[in-house]
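A.B. asks: Take a look at this one; I'll ask things after.
The values are calculated or read from the model by the stated rules, or taken from the named source; none is laboratory data. These numbers come from a predicted model, not from an experiment. Cβ placement follows ideal geometry from the backbone for every residue including glycine, while neighbour counts extend to all protein chains displayed.
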Amino acid sequence: MSEIIITAAPPAPRFAGLRTTWRYLVRDKFALVAVGFLVLLVLAAIFGPMLIGELATRPGLRQRNLAPFSFAHDWTYFLGADTLGRSIIARLLVGAQNTLGIAFAAVVVATLVGGTLGLIAGYTQRLYGAAILRLADIIMSFPSLLLALIVLYLLGPSVTNLVFVLAFTRIPIYLRTTRAEVMELRQRMFVQAAKSMGAGHLRIVLRHIAPLTIPTLVTIAAIDFAAVILAESALSFLGLGIQPPEFTWGAMVATGRGYLQSAWWISFWPGLLIMLTTLSLNIVASWARTAADPQQRWRLQKLQRSPR
Amino acid sequence: MLGFIVRRAMQSAVAIIGLLVLVFVLTRLTGDPAALFLPLDSSLEARQEFNRLNGFDRPIYLQFLTYLGDLARFEFGMSLRQNRPAMEVALQAFPHTLQLAVIAISLATFFAVVVGSIAAARPGGLFDRVASLVSLAGASAPDFWVAIVGVMIFAVGLDLLPTSGTGGPLYWIMPIGVLVLRPFGLLVQVVRGTMIGVLSTPYVKTARAKGVSPTVIIFKHGLRNAVLPVITVAGDLAASLVNGAVVVETIFGWPGIGKLMIDAIIQRDFAVVQSTILVTACAIFILNIAIDLAYALLDPRIRRQTT
């Protein structure tokens, strides 16, 4: 979703230090809550399925369509149960692992591929550099969901294809940013110094230029994570993403769609979690932009003054 | 300026050809085209016959030439399920999506400009903070979930609006409401960002010092200069409304091109899938040219530079 924000190329965060960063974070209450939520979510996604993962697939006749907020059963049924009596909480945790895992894999692939292509396109003056850029333009000029739908239809839905397709539609963002950065870095004095010391192209790119693009790439990847989660959820919701018996939050919303009248909670909770996750990521990203931008940072510093 | 437009149009044309090549390559190189074009339960003989009839056993470059020839003559084959030319089916669905998209993007732009400008007038103020949070939430909300919650509350719970289908004005409220959300959220951020930038320029300070009223400063001095990035972003968002349209149309049973595409994908009606792709791609192509034109007409710098 946040293509627009991303193409505006946020400056790489060059924080003064961990303590200062922490102080800026405390100044922005929304960002603090968002970071807390994300940390909890990641921990829950990693350890939750280990603890109560088997409940996610264990049907229970007595809990069928159990309404949320009841203490009659175990705490794992506090958010209700689905039509087969499976615990929603357990399913949310397993869904979290799948959703975040797929999104993470897609972002990593997109960063690596996009970053590498961007390095090549930015460094070389040859024709293929321009060709790579045109390719990115083609990918970008079509709605990402449309592209993903076509490719998944033709290749067939599977987790590998899903990761590949999600990465494919995000590559241009990484490619263009890296390219812009490399084109600027290429002109710097230290590159000429390395050249005059007899360094080859490969060494210059890998040792001198590539490391400097990493902060920008990481920032964009963090912002892009929210967009990838949304795209994955939409694809899974439409039935072209992950296939049963595996499920993600998006697929859970789709399953619950048939029971809106009788059991609203089946599709409500996973959707709410998608929303809270992407919202938190966007809030953190927007905070990071402010904290990293010297012209905006005063907004976080000014609050430190004693109240008038 | 003509040169500028022609150059941009060429770029978009290259993009469309690229997409068509991608579809061609993926359909021919991922195994058996008959498996894509024919229903899943078709017999082996039928598949071989189909491959021979359609020339899928010929060399790949010959196939590509035939493919291009068919495209040039707007031949997309018949829809398997509806027994009508696939292009006709796609073109019939297109206006429904277009109506939704035009209304949604207009509403989103209008409200985003108003809210973003007011928020930019006092950055860090109460209105600004509320607007920022609301716009972030709008941009982060999964549209399919918002649509479902909407159905849950307004159709199932309160029984105010119809769950799905087309008809009177009531049928428009939820699809438009869901579709507006994301472009609105993103546009507010863009408007706010550009407006803060514009409002801190010296000429705005001069106007303020002269005693020009804040409303005039914001909506006349500020907005006129902030309008360019907003148009570009709104144009991009209009193109990506197709994403939302697929989801919204599926949920609300809207007979537009997004629903047609999903239905065709599920029914494996490949001729229709291909036609919907091409219709959408052409619509985006035209939209891109329109944005470039608007940009060139509105910005005197581009206008003069390129004449």
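A.B. asks: Does the stretch A:244-257 hold any residues that are closer than 22 Å to B:T163 by Cα and either part of a loop (DSSP other than H, G, I, E, B) or more than 20 Å from the chain's Cα centre (by Cα) (or both), and which are they?
C.D. replies: Our first condition is that a residue be closer than 22 Å to B:T163 by Cα; within the stretch A:244-257, this holds for A:250-257.
Of everything in the stretch A:244-257, those that are closer than 22 Å to B:T163 by Cα and either part of a loop (DSSP other than H, G, I, E, B) or more than 20 Å from the chain's Cα centre (by Cα) (or both) turn out to be A:A254, A:T255, A:G256, A:R257.
A.B. asks: Would you pick out the residues in the stretch A:142-167 that are under 20 Å from A:G115 (Cα atoms) and facing chain B (nearest Cβ under 7 Å)?
C.D. replies: A:S144
A.B. asks: Taking B:I262, is it closer than 30 Å to B:E75 by Cα and exposed (fewer than 14 other Cβ atoms within 10 Å of the Cβ)? So that I can check it myself, show each step before the final result.
C.D. replies: On the way: closer than 30 Å to B:E75 by Cα: yes; exposed (fewer than 14 other Cβ atoms within 10 Å of the Cβ): no.
No.
A.B. asks: Give A:L272, A:L230, A:L260, A:L238 a once-over and let me know the one that is more than 27 Å from B:L260 (Cα to Cα) and at the interface with chain B (Cβ under 8 Å from one of its Cβ atoms). Give the derivation first.
C.D. replies: Values: A:L230 fails: more than 27 Å from B:L260 (Cα to Cα); A:L260 fails: more than 27 Å from B:L260 (Cα to Cα); A:L238 fails: more than 27 Å from B:L260 (Cα to Cα).
Selected residue: A:L272, the only one of A:L272, A:L230, A:L260, A:L238 that is more than 27 Å from B:L260 (Cα to Cα) and at the interface with chain B (Cβ under 8 Å from one of its Cβ atoms).
A.B. asks: Something else now. So, restricting to helices (runs of 4 or more DSSP H) that lie completely within the stretch B:6-73, which ones have at least 1 residues that are of a type in the set (A, V, I, L, M) and at pLDDT 70 or above? Give the steps one after another, and end with the answer.
C.D. replies: Values: elements: B:33-37, B:44-53, B:60-72.
The helices (runs of 4 or more DSSP H) meeting that bar are B:44-53, B:60-72.
A.B. asks: For A:G200, only one of the following conditions fails: (1) under 25 Å from A:A130 (Cα atoms); (2) of a type in the set (G, A, S); (3) modelled with pLDDT under 80. What is its number?
C.D. replies: Among (1) under 25 Å from A:A130 (Cα atoms); (2) of a type in the set (G, A, S); (3) modelled with pLDDT under 80, the lone unmet condition for A:G200 is (3).
A.B. asks: Further, regarding this structure: Out of A:G17, A:G48, which single residue is at pLDDT 75 or above and among the small types (G, A, S)?
C.D. replies: On the way: A:G17 fails: at pLDDT 75 or above.
After applying the criteria, what remains is A:G48.
A.B. asks: Which residues, taken from the stretch A:182-198, are touching a residue at least 12 places away in the same chain (Cβ under 8 Å) and of a type outside the set (V, I, T)? Talk me through it step by step, then tell me what you get.
C.D. replies: Filtering the stretch A:182-198 for residues touching a residue at least 12 places away in the same chain (Cβ under 8 Å) gives A:182-183, A:185-186, A:190-191, A:194.
Selection gives A:M183, A:L185, A:R186, A:F190, A:A194.
A.B. asks: Being away from chain A (no Cβ under 14 Å), at positive phi and among the small types (G, A, S) narrows it down to one residue among B:G222, B:G211, B:G253, B:G177; which is it? Quick ask: steps written out before the conclusion?
C.D. replies: Values: B:G222 fails: at positive phi; B:G253 fails: away from chain A (no Cβ under 14 Å); B:G177 fails: at positive phi.
Answer to the check: B:G211.
A.B. asks: Evaluate the following for B:A104: is it in contact with a Leu (Cβ under 8 Å, 6 or more places away or on another chain) and farther than 23 Å from A:A31 by Cα?
C.D. replies: Yes; evaluated as a whole, the condition is true for this residue.
A.B. asks: Do we have A:M252 as out of contact with any Cys (no Cβ under 6 Å at 6 or more places or on another chain) and free of Cβ contacts under 8 Å to residues at least 12 places away in the same chain here? Give the derivation first.
C.D. replies: Details: out of contact with any Cys (no Cβ under 6 Å at 6 or more places or on another chain): yes; free of Cβ contacts under 8 Å to residues at least 12 places away in the same chain: no.
In short, no.
A.B. asks: Given (1) small (G, A, S); (2) at pLDDT 85 or above; (3) touching a Gly at 6+ places or on another chain (Cβ under 8 Å), identify the lone condition not met by B:A112.
C.D. replies: Result: B:A112 passes all but (3).
A.B. asks: Any residue in the stretch B:145-167 that is within 23 Å of A:I274 (Cα to Cα) and within 9 Å of another protein chain (Cβ to nearest Cβ) sitting within a Cβ distance under 7 Å of a residue that is among the charged types (D, E, K, R) and outside any loop (DSSP other than H, G, I, E, B)? List the pairs, counting only those 6 or more apart or interchain.
C.D. replies: Once the first residue is within 23 Å of A:I274 (Cα to Cα) and within 9 Å of another protein chain (Cβ to nearest Cβ) and sits in the stretch B:145-167, its partners that are among the charged types (D, E, K, R) and outside any loop (DSSP other than H, G, I, E, B) give B:I148/A:R257.
A.B. asks: Going through the stretch B:195-225 one residue at a time, which ones are in contact (Cβ under 8 Å) with a residue 60 or more places away in the chain and under 26 Å from the mean Cα position of the chain (by Cα)?
C.D. replies: Passing the criteria: B:M195, B:L223.
A.B. asks: Hey, another quick one. Confirm whether B:R182 is modelled with pLDDT of 80 or more, basic (K, R), buried (at least 21 other Cβ atoms within 10 Å of the Cβ) and more than 25 Å from B:D299 (Cα to Cα). Let's see the steps before the verdict.
C.D. replies: Numbers: modelled with pLDDT of 80 or more: yes; basic (K, R): yes; buried (at least 21 other Cβ atoms within 10 Å of the Cβ): yes; more than 25 Å from B:D299 (Cα to Cα): yes.
In short, yes.
Here's the yes/no breakdown for (1) among the hydrophobic types (A, V, I, L, M, F, W, C); (2) touching a helix residue (DSSP H, G or I) at 6+ places or on another chain (Cβ under 8 Å); (3) farther than 25 Å from A:L92 by Cβ; (4) assigned to a helix (DSSP H, G or I):
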| position | (1), (2), (3), (4) |
| --- | --- |
| A:I150 | yes, yes, yes, yes |
| A:A210 | yes, yes, yes, yes |
| A:L235 | yes, yes, no, yes |
| A:I242 | yes, yes, no, no |
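A.B. asks: I'd like the residue in the stretch B:171-224 that is touching a Pro at 6+ places or on another chain (Cβ under 8 Å) and of a type in the set (S, T, Y) and, out of all such residues, is nearest to B:W145 (Cα to Cα).
C.D. replies: The selected residue is B:Y171.
A.B. asks: Can you tell me which residue among A:I132, A:I139 is away from chain B (no Cβ under 12 Å) and touching a Gly at 6+ places or on another chain (Cβ under 9 Å)? Walk me through how you get there before you give the answer.
C.D. replies: Values: A:I139 fails: away from chain B (no Cβ under 12 Å).
The conditions single out A:I132.
A.B. asks: If A:Y174 satisfies every condition in (1) within 14 Å of chain B (Cβ to nearest Cβ); (2) touching a residue at least 40 places away in the same chain (Cβ under 8 Å); (3) surrounded by 22 or more Cβ atoms within 10 Å (Cβ to Cβ) but one, which is the exception?
C.D. replies: That leaves (1) as the condition not met.
A.B. asks: Quick one: B:N83 ticks every box in (1) free of Cβ contacts under 8 Å to residues at least 40 places away in the same chain; (2) assigned to a loop (DSSP other than H, G, I, E, B); (3) within 13 Å of another protein chain (Cβ to nearest Cβ) except a single one, so which number is it?
C.D. replies: Against the list (1) free of Cβ contacts under 8 Å to residues at least 40 places away in the same chain; (2) assigned to a loop (DSSP other than H, G, I, E, B); (3) within 13 Å of another protein chain (Cβ to nearest Cβ), B:N83 comes up short only on (3).
A.B. asks: Name the one entry in A:I220, A:I204 that is under 24 Å from A:A148 (Cα atoms) and either facing another protein chain (nearest Cβ under 9 Å) or part of a helix (DSSP H, G or I) (or both).
C.D. replies: Working: A:I204 fails: under 24 Å from A:A148 (Cα atoms).
Result: A:I220 is the single residue among A:I220, A:I204 that is under 24 Å from A:A148 (Cα atoms) and either facing another protein chain (nearest Cβ under 9 Å) or part of a helix (DSSP H, G or I) (or both).
A.B. asks: Considering (1) among the hydrophobic types (A, V, I, L, M, F, W, C); (2) without any contact (Cβ under 8 Å) to a residue 12 or more places away in the chain; (3) farther than 30 Å from B:T232 by Cα; (4) away from chain A (no Cβ under 14 Å), say which one B:F127 fails and leave the rest.
C.D. replies: The failed condition is (3).
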